[in-house]
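Since every read-out is calculated from the coordinates, none of them should be taken as a lab result. Note that the structure is predicted; figures quoted are calculated from it, not measured. We place every Cβ from the backbone using ideal geometry, glycine too, and count neighbours over all the protein chains shown.
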């Protein structure tokens, strides 16, 4: 077994947990939803997605299988984005419905991509190429930033529902709802343009973590979560895992520095 960082361990644990949940529930878990009920072979897809999560999560923890696990996970997310998320983006009734799940999948792609780049670059028998070098990592970071923006927009679109989630002992519920929406959007833009990107990525990960600690854990413990909110609970866990991985990809960059592809990487060709 080999764990290269806390984010790596957290991401793998999240995948394993969601994979087990998929087998137990017999339905799509966070990240894969929504999928229409009438889709042919839906039951097969449910267990396939659960197996991908479970196998990838376990595979990420071992040196010999980490790169393959990350590769399979990344490919699965990209296919899901093109097949289902693009459909939702084009056909859903509201802007929130069109963009939320699309943004969520972009962030998950970013986490899988960063880990793939990390492990594929260590494979001596294959060149890293674009996907696994600095250009690929920066592209993954940009996708993560783009994925955060719909989260912020959703806070504004459902501002009262968001405010109602703020714990009662914290004053200024509406103000916190607006603030967290703004911070998601600003963090996403900062990561995309590369200005203060490390700070923005770390703060976005912390914000997702605080949502889990301050909102979802108390509500789950109190037994007051609706079925929809249980989905949000699982989704929040998945987002914490991927945001942690992406935040770690900025390590070594100054907190207020500019994230960009090094000139040598931008001009490089696959070895």
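Details
- Exposure proxy shown here: for 100, 244, the number of other Cβ atoms within 10 Å sets the order, fewest to most, as 100, 244.
- Gaussian network model of the chain, Cα within-10 Å springs - most flexible of 59, 223, 241: 223
- Per-selection Kirkwood Rh - the range 77-141 (Cα, Å, 1 d.p.): 12.9
- In this simple spin-label model, placing a label point 7 Å from the Cα along the Cα-to-Cβ direction at both residue 23 and residue 210 gives a separation of 3.7 nm.
- Here the range 54-167 is treated as an ellipsoid with the same Cα gyration tensor; its semi-axes, largest first and in whole Å, are 31, 15, 13.
- One equal scatterer on each Cα of the range 154-215, no solvent, Debye formula: the resulting log10 I(q)/I(0) at q = 0.12, 0.16, 0.22, 0.29 Å⁻¹ is -0.31, -0.53, -0.88, -1.18.
- All Cα pairs of the range 1-101, percent lying beyond 21 Å: 39
- Stretchable slack from residue 79 to residue 2, in nm (0.36 nm times residue separation minus alpha-carbon distance): 24.9 nm
- Under the criterion of Cα pairs below 8 Å and six or more residues apart, the relative contact order for the range 6-266 equals 21 percent.
- Whole-Å semi-axes of the ellipsoid equivalent to the range 133-271 (Cα gyration tensor, √5λ, descending): 33, 15, 12
- Summary of the geometry: the range 36-54 and the range 210-259, compared by the centres of their Cα atoms, lie 25 Å apart.
- Debye-sum result for the range 118-177 in log10 I(q)/I(0), which assumes one identical scatterer on each alpha carbon, at q = 0.14, 0.16, 0.20 Å⁻¹: -0.59, -0.64, -0.76
- Relative pair counts by distance (%), Cα atoms of the chain, 5 Å bins: 1, 6, 12, 17, 19, 18, 14, 8, 4, 2, 0, 0
- Label-point separation, residue 258 to residue 229 (7 Å along Cα→Cβ), nm: 4.6
- Residues residue 37 and residue 156, FRET efficiency given R0 of 35 Å [Cβ-Cβ distance, rounded to 0.05]: 0.70
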